[in-house]
Amino acid sequence: MTEMAPRLIQAARAAEARLAGRATPFLFNAWYIAGFAEDFSRTLKRRTILGRPLVFYRTTAGAPVALSDRCVHRSFPLSKSKLEGDTIVCGYHGMRYDEGGQCIEIPAQKTAPQGICVRAYPLREQGPLVWIWMGDGEPAADLPLGDWATDPAWPASNAYFHLKASYIALHENLLDLTHLSYIHAATFGTPDYAFAPYEVETDDAAGRFAVSRSVMPTRLPPVWAKPTGLEGRDAARIARSEFSGPSVHTVNVRFYGLDVSEAERPDTQITTAHLVTPETATTTHYFIHHGRNFGQEDESITSFMHEQLTAAFMEDVEGLEAVEAMVADTPVEDRYEVSVASDRAGVAMRRWIHRQAEAEAG
Ligand code: FES
Ligand SMILES: [Fe+2]
């Protein structure tokens, strides 16, 4: 019979106590993706973000609106109510809220007393993305995603997964390139990837954590080889995955053929923003904005890559959902996890989230 030595279990538990996990409060003072532009329309839409039920719509002038979904009278969902012009009329007793969340009419009385309102959340549109500020007060930060996300030189496509797993597990997955050869064996993993050298960068002050990995020479799997024209050629594949806050994780991959001299190498990059919005402690809105800086005119590259990458990210979704189900099925006293050397960036990131959550809680 084999069993983990009690001292190893104890050490794993002691290390985990300082890491963010499912019980760690969310970080509210950050921009998160609320949805894509089309999620804000003239049809009321409910979405829960950081455990807060919200209702989305667009005003007649086209401005996106996000309000708390709970009518403050008797908690009826505003998302099951009626959009009239720029206002919502509650489906239970008819209280009317404007786009700023103010109650402006109570049918059973002459006037609506001042100050009755539902919370309205600040939103910002950036190309196809709509960001929401979940913190108290006015937004205290710039939007976290760079200009490439709206630059026509970077044709892009978008995807969404409703992930039944913790957002922290998703960030850790993205900071861990060692899973590519296994979970992604059928898509973008190649066996040599698991053994390639990697570098870890951690910047606690800035809340940035990154892993980079260079594989060369390598043969690229079709998802990368076809669009870059590197099929059947020895190539270099240089990937960098960076966590830059609770809602944004950017994975950049550069490729070149080793048969081309340094001076003649095209700058071929594929960048994927993994945009992570916790729904609850164990479910996540997982948005993808995926762009490239080449083949701008070729629509077929966009659709090929979209299809291939969506299939590959589905492998992460299925893997993380299997993890979440396993955690739920495991007795609490057995829920320890052992970290190894390649988890360094993920562990540093989880420590940072844990500390941030403590700081936000005051
Ligand atoms: S619950 Fe909304 S008006 Fe009564
Ligand atoms: Fe993955």
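The values are calculated or read from the model by the stated rules, or taken from the named source; none is laboratory data. If you're wondering where the values come from, they're calculated on a predicted model, not measured in any experiment. Cβ coordinates were reconstructed from backbone atoms using ideal geometry, including for glycine residues, and neighbour counts include every protein chain displayed. Each accessible area value is taken on the protein alone, full model and side chains, heavy atoms only, with ligands, DNA and RNA left out. Shrake-Rupley method; radii C 1.70, N 1.55, O 1.52, S 1.80 Å.
Could you order Phe195, Phe56 by accessible surface area, starting with the largest, using a probe radius of 1.4 Å? Mind showing how you got there, number by number?
Numbers: Phe195 165, Phe56 0 Å².
Ranking Phe195, Phe56 by accessible area, largest first, yields Phe195, Phe56.
Once the whole set of protein chains is in place, how much accessible area is left on Leu145, using a 1.4 Å probe, in Å² to the nearest 10?
10
Using only alpha carbon pairs under 8 Å that are at least six residues apart, calculate the relative contact order of the stretch 155-361 and give it in whole percent.
It comes to 28 percent, rounded to a whole number.
Quick one: length gained pulling Leu8 to Ser342 fully straight, 0.36 nm per residue minus the C-alpha distance?
118.4 nm
Using +1 at the C-beta of Lys and Arg and -1 at the C-beta of Asp and Glu, which of Ala359, Leu67, Pro122 has the Cα lying farthest in the positive direction of the dipole of the chain?
Of the options given, the answer is Leu67.
For the chain, rounded, prolate or oblate, judged on the Cα gyration tensor with a ≥ b ≥ c (square roots of eigenvalues), a/c < 1.5 rounded, else prolate if a/b > b/c?
Because a/c hits 1.5 or more and a/b fails to exceed b/c, the chain counts as oblate.
For the pair Thr280/Gln114, report the inter-label distance in nm, with labels modelled 7 Å from Cα in the Cβ direction.
4.0
Where is the GNM fluctuation largest for the chain (alpha-carbon springs, 10 angstrom cutoff): Leu78, Leu174, Leu44?
Top of the fluctuation ranking is Leu44.
For Lys164, which lysines qualify as cross-link partners when the Cα separation must be under 21 Å and same-chain residues fewer than eight apart are set aside?
Output for Lys164: Lys45.
Enter the accessible area of Tyr182 (Å², nearest 10), with the probe set to 1.4 Å and all protein chains included.
150
Compute the acute angle (0 to 90°) between the alpha-carbon long axis of helix 344-361 and the principal axis of greatest extent of the alpha-carbon atoms of the chain; round to the nearest 10°.
20
If you line up the long axis of helix 299-329 against the longest principal axis of the chain, both from Cα atoms, how many degrees apart are they, to the nearest 10?
Taking Cα atoms only, the helix is inclined about 80 degrees.
Sorting Tyr121, Tyr336, Tyr92 by accessible area (1.4 Å probe), largest first, what list results? Can you show the working numbers first?
Working: Tyr121 25, Tyr336 60, Tyr92 130 Å².
I get Tyr92, Tyr336, Tyr121, largest accessible area first.
Roughly speaking, what is the stretch gain from Ala37 to Ser261, that is 0.36 nm per residue apart minus the C-alpha to C-alpha distance, in nm to one decimal?
Gain in length upon complete extension: 76.4 nm.
I need to check one value: relative contact order of the stretch 254-362, counting alpha carbon pairs closer than 8 Å and at least 6 residues apart, in percent.
14
Under 20 Å Cα-Cα from Lys82, which aspartates and glutamates qualify once same-chain neighbours fewer than 8 residues away are excluded?
Cα-Cα hits under 20 Å: Glu38, Asp39, Asp69, Asp98, Glu99, Glu105.
Where the accessible area of the chain is counted over protein heavy atoms with a 1.4 Å probe, how much of it, in %, is carbon and sulfur?
Numbers: 9060 of 17410 Å².
The nonpolar share, carbon plus sulfur, comes to 52 percent.
Using amide H atoms built 1.01 Å from N in the peptide plane, name the residues 5+ places from Thr48, or on other chains, whose amide H lies under 5 Å from its own.
Residues meeting the criterion, in which the H sits 1.01 Å from N, are Leu54.
How many Å² of accessible area per residue for the stretch 37-123, probe 1.4 Å? Before the final figure, lay out each step's value.
Numbers: 4430 Å² over 87 residues.
For the stretch 37-123, the solvent-accessible area averages 51 Å² per residue.
Counting helices only, and only those DSSP H runs with n ≥ 4, report the 222 nm mean residue ellipticity of the chain as the sum of -39,500 (n - 2.57) divided by its residues, in deg cm²/dmol to the nearest 500.
Dividing the helical sum by the residues of the chain leaves -7000 deg cm²/dmol.
Please give the helix 6-16 orientation as an angle from the longest Cα principal axis of the chain, in degrees from 0 to 90, rounded to the nearest 10.
60
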